[in-house]
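Colleague: This structure is in C-alpha cells; I'll ask about it shortly.
Values quoted throughout were computed directly from the atomic coordinates according to the rules given, and no laboratory measurement underlies them. This is a predicted model, so every value here is computed, not measured. No Cβ is skipped: glycine too gets one built from the backbone with ideal geometry, and neighbour counts run over all protein chains shown.
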Amino acid sequence: MKEKRIYQCEDSLEGIFSAVYIAWASRYGHDNIELEVLGMEEEYNLRLFSEYIMVESNPENASKVANSIKKKISAHAYQMVAKAALSNDKRKANAIYHFLVRGFAYGAKVEDHLSDPYVQIIFELNRNVGNDAHLYTGFVRFTELDNGILFAKIEPKNNVLEIITPHFADRLSKENFMILDVKRKIATIHRSYSTWILTTISDEELNTLLTVTEKKEKYEKLWKTFFESIAIKERENKVCQRNHVAMHYRKYMTEFMEDKEDKVDKEDKVDKEDKEDRVDKEDRVVKEDKVVIEVKIENEGK
Amino acid sequence: MIIQESMTIEQKLSILSDAAKYDVACTSSGVGRDGKDGSIGNTVASGICHAFSADGRCISLLKILFTNECIYDCKYCINRASNDVPRTTFTPEEVCSLTMEFYRRNYIEGLFLSSGIIKTPNYTMELIGRTLKMLRTEYHFNGYIHCKAIPGADAELIETIGWFADRMSVNLELPTAEGLKLLAPHKNRKNILNPIRQIQAGIEESRENFGMMGGNKGAYWHTRRKLDQKSIAQKREEDALLHIGHKDQIRRVIESKPEKSVGFSNRILTGWEDEKESKILTPNHRIYQSSQGISSNIETPTLITKPEGLSMWNQFGGNRGFVPAGQSTQMIIGATGETDYEIVHVTEALYQKFDLKRVFFSAFIRVNEDNALPVLSGGPPLLREHRLYQADWLLRYYGFEATELLTKERPNFNVFFDPKCNWAIGHLEQFPVEVNTADYYTLLRVPGIGPKSAGRIVKARQMAKLRFEDLKKIGVVLKRALYFITCSGKMMYPTKIEENYITNQMLQINEKLPSHITNGGITYQQLSLFDNPQMLSNG
C-alpha cells in the first residue's frame with residue numbers, strides 16, 4: 001500500500017485551492033491523497049504512515065483551480081465549494097478535493113450525486129453555512145454610535161461575514177456601517193452609497209471597538225419593550241424559542257442582553273438555560289470523543 | 001373606557017403591540033426587491049425572521065395596532081368596545097420613526113400595521129393610508145409592509161393602501177358565516193369577502209402589467225397548475241426535466257398545453273358549484289354563483305360586487321406594483337363549533353377562489369369572560385392548530401385535496417398521526433413505492449418524504465441507484481418512510497403492509513411535534529391507545 005499524503009493548507013478558499021492544485025499536480029493517485037486545513041484541530045495527532053506536505057497559498061494556482069471549476073463543472077458548483085470553504089467543519093478541505101475529483105469527471109451533474117459520501121459532505125456544509133448566514137441576516141443587531149455609524153458584533157460558528165455583508169450593503173446603502181466578527185478579528189466596513197471592504201482587525205483596534213459601544217440607546221429600550229409585550233403569555237414556551245434562536249446566537253442580540261437594573265431577577269432563568277445549553281454541548285463532545293476512541297482502537301487493531 | 005392623554009411612545013408601543021399580538025402571520029415573505037438609492041430597505045423573497053419571542057413565535061415585522069380603540073364589540077377580542085382597557089393611538093410620525101429606527105438596527109424586516117376601528121372604517125383606513133404614504137414617500141422606506149384592510153372601508157381607500165403595502169390581509173375572523181354572526185355581530189361575511197375579492201382582482205391586474213414583479217402566485221396555485229389535467233406519464237416527463245433543472249423546457253411544456261378557463265372574470269365568478277362542497281358551506285357561504293346561475297341568483301343579498309379595476313395607475317403605477325407579496329387571511333380555531341373538515345374545505349376554497357398566499361389559523365385564547373365563548377379545558381387548542389397547518393401544507397405543496405384528507409364521517413384530524421400518515425395508513429393499497437422509479441408526486445405521498453427530499457431523490461437516482469442509507473443523507477425520515485417504500489425491490493426491514501401492524505409500529509415512534517405543542521401541558525404524549533375513544537374511531 002502506498003503511503004498516504006496529507007496536504008495541509010491555510011484556512012481560506014485560496015489556501016484550499018492552492019493545496020488542491022499541488023495535490024492534483026502530484027499525480028500521486030486521488031485515493032492516497034488527503035487535504036486538511038491547519039489550525040482546525042484542537043489536539044493534533046500526527047498519523048503514522050503518512051507524509052505531511054505543507055502548501056503555501058498561491059493566488060495564481062488558486063485562481064487556476066477556480067477558473068477550471070467554473071468552466072468544467074459549473075458556476076453553481078463553484079459557489080457550493082466556496083460556501084463549504086467558509087464552514088467550521090474540519091472535513092471541508094478534503095471533501096472539497098474529492099468533490100472536485102468527481103466534478104471534473106462528471107461535470108455539472110456532480111451536484112446531484114447525493115449517494116456519494118463527498119458530495120454529501122459538500123451538500124451538508126453548504127446547507128449548514130447557508131442556514132447560518134440566513135439566520136444572521138436576521139440576528140445581526142446594529143447599535144448607533146454617536147457619529148451615526150451603525151456597528152454590529154457577531155461571533156458566528158461558520159465564517160458567514162462576507163456572505164451576509166452584501167445583503168446589508170444593499171439594504172442599508174445610505175448608512176455607514178461596520179460588522180465585526182469578534183472571534184476571527186475581521187470586519188466588513190460599508191461607506192454610505194459606496195462599496196464595502198473586508199479587513200482584518202488588530203488586537204488594539206479590537207479592544208477599542210469592544211469598549212466604544214457601551215451606551216444606552218432609546219430605541220434599544222423600545223425594542224425590548226416591544227419584544228416583551230408581543231409574546232403571548234398563554235403560549236409561553238422557552239424551549240421552542242431556544243430551538244429557533246440557540247443560545248450562541250444571543251450574545252450580541254439586543255433583546256437578550258441584560259439591563260443592569262433588571263439583571264438580578266433574570267439571572268436565575270438565564271443561568272438555567274445556559275446550563276441546559278451547556279449540557280447539550282457536553283453531550284455532543286462526549287459522543288465525539290467516543291467516536292475518536294473507537295477509531296483509535298480500530299487503527300491499533302490493524 | 002380609559003383614555004390616557006400624553007402617553008410616552010414607550011407606553012403606546014407597549015399597549016399597541018400587546019394588543020396586536022394575537023394577530024398571526026408575522027411573515028415577511030413573498031416579494032424580493034432590491035434596495036434603491038435614496039431610500040432605505042429591500043425585501044427578500046423567502047422572508048427573514050429577526051427574533052423569536054418568549055412564546056417561540058417568529059418576530060419578523062414591527063407588529064402593532066394603529067389604535068386599540070374600537071367601535072366594534074367582537075366577543076373574542078381583547079380590544080372590544082366593552083372592555084375596560086387603556087386605549088391609545090399612534091400618530092403617523094410615531095409609526096414611521098419607530099419603523100425606520102428599528103429597521104436601521106436590523107431588529108425588523110418591516111411593518112405589520114393593523115388597527116381597531118376608530119370612528120368609522122373609512123376614517124381608520126384613511127389614517128392608516130396616510131401613515132403608509134408618509135413612510136414610503138417622506139421617510140423613503142423600501143422594506144416590507146404588511147397591512148390589514150378594514151372591512152367596510154371604501155374601495156378607493158383600500159386600493160391606496162394596496163399601492164403602498166407589500167402584503168395585505170383581511171381577517172376572515174371565523175371559519176363560517178354563522179360563527180361570525182355569533183361572535184362578531186357587527187361584522188358580516190360580505191364585508192369581509194368584498195375587499196379580499198377587490199385585492200385579488202387588483203393583484204391580477206398588476207401582474208398583467210408588471211409580470212411577476214407585480215405580484216406572484218402562491219404555492220397552492222403552482223402545485224395545482226403542475227398537476228392540472230395531466231396523466232402520470234406527462235407529469236413524469238415534466239418531472240424529469242424539472243429536476244434536472246431545465247426550467248425553460250418545462251415552462252415550454254406547460255405553456256404549450258391549452259389551459260382551461262383562464263379568463264379572469266370567468267374564474268372569479270365561478271365557484272361553489274360543486275354540490276358536495278356547497279353542502280358543507282352554509283348558505284351565506286355560497287356567495288359566488290356559477291356562471292350559469294348568475295341571473296337567477298343575482299338578488300342574493302350576499303352576492304359580492306364585481307370589483308372595479310385599479311383606478312390609480314397614474315398616481316402609483318410603476319413604483320412597486322399592487323400588493324406584490326399577495327394577500328393572506330386568518331381565522332380563529334376552536335371558538336366556534338366548526339369541524340376540521342369544514343375548516344380545511346374553507347381553506348381550500350380560499351386558495352382556489354381568492355388566490356390567497358396563505359391562510360393562517362390561530363388557536364382560540366379566551367381573553368374575555370363571555371357566555372358565548374367556549375371554555376377549553378386544555379388551554380388553547382394548539383395540537384389542532386398544528387394539524388390544520390400540516391393539512392394546509394399538504395394542500396399547498398403536496399397536491400392533496402381537502403376531500404382526501406377528511407370526510408364527513410371522519411370530520412376531525414387524528415390526534416395521534418399527522419394528516420399525511422393518517423392518509424397513507426388508510427391507503428395502503430398504493431404502497432410500497434419503489435424509490436428508484438416512482439415519480440415525484442408519488443414520492444411526495446410517502447410519509448417521511450417532503451418536497452425537498454422528493455426533489456433530491458429524483459435527481460440523485462439518475463446518478464446511481466439509491467440505497468436506504470443514501471435516503472437518510474438526502475433527508476428522508478426513514479423511521480416513518482420505511483413502511484411505505486422499497487429500494488431496488490427490497491424493504492428496509494421485513495415488515496407487513498397491514499393497517500394494524502403499521503399503526504402499532506408508528507405509534508411507537510413519538511411524532512416529533514414542534515415544541516410549542518409539547519410544552520404547554522398538552523396531554524398528547526400521555527394518552528394511550530385504549531383510553532382514547534377518538535383514536536379508535538378516527539384512526
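Colleague: Other chains near B:83-95: what is the mean number of their Cβ atoms within 10 Å of each residue's Cβ?
Modeller: 0
Colleague: Compute the distance from the alpha-carbon center of the range A:168-217 to that of the range B:106-128, in whole Å.
Modeller: 35
Colleague: Highest first, please rank the peptides B:454-466, B:412-424 by the mean number of other Cβ atoms sitting within 10 Å of their residues.
Modeller: Going by the mean number of other Cβ atoms within 10 Å, highest first, we get B:412-424, B:454-466.
Colleague: With a cut-off of 8 Å between alpha carbons and a minimum separation of six or more residues, what is the relative contact order of the range A:140-215 in percent?
Modeller: Answer for the range A:140-215 is 24 percent.
Colleague: Arranged from highest to lowest average of other beta-carbon atoms within 10 Å per residue, in what order do the peptides B:344-355, A:113-124 appear?
Modeller: Those peptides, ordered most packed to least, come out B:344-355, A:113-124.
Colleague: Could you sort the peptides B:147-155, B:108-116 by per-residue average Cβ neighbour count (10 Å cutoff), highest mean leading?
Modeller: Result, highest mean Cβ count within 10 Å first: B:108-116, B:147-155.
Colleague: Still on this structure, I have one more. Towards the positive end of the charge dipole of the range A:4-132, with charges on Cβ (+1 Lys, Arg; -1 Asp, Glu), say which of A:S87, A:Y118, A:N131 has the farthest Cα.
Modeller: The one lying farthest along the dipole's positive direction is A:Y118.
Colleague: Another question about this same structure. Which entries in the list B:K21/B:K217; A:K218/B:K36; B:K12/B:K353 go over 30 Å, if you measure between the two C-alpha atoms of each?
Modeller: Correct reply: B:K12/B:K353.
Colleague: If you don't mind, there's one more thing I want to ask. Scale the Cα Rg of the range A:140-215 by the rule-of-thumb value 2.2 N^0.38 Å and send over the ratio, two decimals.
Modeller: 1.02
Colleague: Shifting gears a bit: Mind checking the dipole of the range A:140-215: about its Cα centre, +1 per Lys or Arg Cβ, -1 per Asp or Glu Cβ, Debye to the nearest 20?
Modeller: 240
Colleague: Oh, and also: Sort all Cα-Cα distances of the range A:128-259 into consecutive 5 angstrom bins from zero, then give the percent of pairs in each bin up to the one containing the longest distance.
Modeller: Result returned by the calculation: 2, 9, 18, 21, 21, 15, 8, 4, 1, 0.
Colleague: Okay, next question. What is the range B:26-86's relative contact order, in percent, from Cα pairs under 8 angstrom and six or more apart in sequence?
Modeller: 24
Colleague: Could you tally the net charge around B:T131, taking each other residue with its Cβ under 11 Å from the Cβ of B:T131, Lys/Arg +1 and Asp/Glu -1?
Modeller: -1
Colleague: From the residues B:T329, B:V458, B:G379, which one has its Cα farthest along the dipole of the range B:321-464 in the positive direction, the dipole being from +1 and -1 charges on Cβ of Lys/Arg and Asp/Glu about the Cα centre?
Modeller: B:V458
Colleague: Is there a pair in A:K72/B:K465; A:K224/A:K251; B:K63/B:K133 whose C-alpha atoms are over 21 Å apart, and which pairs would that be?
Modeller: Going by Cα-Cα distance, A:K72/B:K465 fall outside the 21 Å limit.
Colleague: Eight or more residues apart or on different chains, and alpha-carbon atoms under 16 Å: count the Lys pairs in the range A:140-215 matching that.
Modeller: Going through the range A:140-215 pair by pair, I get 5.
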